[in-house]
1. So in segment 129-145, with the set limited to residues that are surrounded by fewer than 16 Cβ atoms within 10 Å (Cβ to Cβ) and either β-branched (V, I, T) or in contact (Cβ under 8 Å) with a residue 12 or more places away in the chain (or both), which one is farthest from D162 (Cα to Cα)?
2. (1) more than 22 Å from L75 (Cβ to Cβ); (2) crowded, with 18+ Cβ neighbours inside 10 Å: which one isn't true of W277, the others all being true?
3. Please state which of the following conditions A289 fails to meet, knowing it meets all the rest: (1) hydrophobic (A, V, I, L, M, F, W, C); (2) farther than 13 Å from A25 by Cβ; (3) surrounded by 13 or more Cβ atoms within 10 Å (Cβ to Cβ).
4. Going through segment 174-209 one residue at a time, which ones are of a type outside the set (A, V, I, L, M, F, W, C), outside any loop (DSSP other than H, G, I, E, B) and surrounded by fewer than 21 Cβ atoms within 10 Å (Cβ to Cβ)?
5. Does segment 204-214 contain at least one residue that is touching a residue at least 12 places away in the same chain (Cβ under 8 Å) and out of contact with any helix residue (DSSP H, G or I) (no Cβ under 8 Å at 6 or more places or on another chain)?
6. Looking at segment 77-107 only, could you name the residues that are surrounded by fewer than 16 Cβ atoms within 10 Å (Cβ to Cβ), under 26 Å from A46 (Cα atoms) and not charged (D, E, K, R)?
7. Could you check E297 against (1) of a type in the set (D, E); (2) crowded, with 16+ Cβ neighbours inside 10 Å; (3) over 18 Å from the mean Cα position of the chain (by Cα) and say which number it fails?
8. If a residue has to be closer than 17 Å to E288 by Cα and touching a helix residue (DSSP H, G or I) at 6+ places or on another chain (Cβ under 6 Å) to count, how many in segment 230-252 make the cut?
Amino acid sequence: MDLRNALNDGTANAPRLELQQSWWAMIGLGENGKEWSMEQKFEKIAEAGYSAISAVMPPLEEAEEWQRLLERYKLGFNTMAFPTKVEDIRTVLEQIRQFGPVQYLNLQVMDGFVIGNEAIELLSGLLAEAKAAGVAAFIETHRGTVTQDLIRTGQYVGALPDLRLTIDLSHYIVAGELNGPLDKAEPIFDALLERTSCLHARVSNGEQVQVDVGPVGDHPMLPNFERWWWKGMTNWLQQAKPGDVLPFVTELGPPSYYAVTKRDAVSGQELEVSDRWQQALLFKGIAEAQWQRVVAEHNQRK
């Protein structure tokens, strides 16, 4: 990390997009009614062309296995935490120190009832702790956290120049039932997208936080998310320095969280109506195509 609170790989290479997969989003995925093993999940992620895994810090007893598999499949690792006070981040920073380098720290800052100056002071303190530890830290736009409200988050961005965001606008779409005109939300989205340091891929229709966009992506809400992802990438690239990395994380939640399910009449099991893995790969492909467009447009403006 540098003083810009940016993810940087330490090289002089051109700024780049990195496709990453959420470990939480791998829960329940498998074949023929059987969930993939831990190593099979690593293998699938690597085979699909992802470069890193986004996950909570593994328990101490699993750390060695995680490190072995990350090395075997040549995958990077980034982590997340859920602090309610400044002191909470110190625990995960110590875990990071013991585990080994991570790319960045994604923070869902609790809770949604912390507002105004209290929230600004909390965010400022968390960012200061991460900076002192040399870890890039991004605040996720997420329901049930200090950033659950779109308007308040816009105020936090205005108050904190170092605040960099993990953008997941699905939360604002569902929380605000924004399934119609977006003219009032769009300017605030633009202000948040100026601070893009990571993108989480999920599409909401304003009623469900996660919907199946179809095998070819013909859902009417997808073009909005594609526009926001493109804006986030464009803003990020305009601000980027050599060696900077923009993570794009496909993060589709499993059943009992976000996935829409139906109950099987015979077994009583809750079955997903979507192929979550194929949806993730669809979003990955969209991101790769968008990045090519963003880079081409950026080069034309030079």
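1. Checked segment 129-145; the qualifying residue farthest from D162 (Cα to Cα) is G144.
2. It fails just one condition, (1).
3. The failed condition is (3).
4. Within segment 174-209, the subset of a type outside the set (A, V, I, L, M, F, W, C) is 176-177, 179-181, 183-184, 186-187, 190, 194-197, 200, 202, 204-208.
Next, only the ones that are outside any loop (DSSP other than H, G, I, E, B) stay: 186-187, 190, 196-197, 200.
Passing the criteria: E186, P187, D190.
5. Within segment 204-214, one or more residues are touching a residue at least 12 places away in the same chain (Cβ under 8 Å) and out of contact with any helix residue (DSSP H, G or I) (no Cβ under 8 Å at 6 or more places or on another chain).
6. If the condition is that a residue be surrounded by fewer than 16 Cβ atoms within 10 Å (Cβ to Cβ), under 26 Å from A46 (Cα atoms) and not charged (D, E, K, R), then Q98, G100, P101 are the ones that fit.
7. So the condition that E297 fails would be (2).
8. Number of matching residues: 11.
Read the figures in this text as sums done on the coordinates, not as results from a lab. This one's a predicted model, so the numbers in the text were calculated from it and none came from an experiment. Note that we place each Cβ from the backbone using ideal geometry, even for glycine, and neighbour counts take in every protein chain shown.
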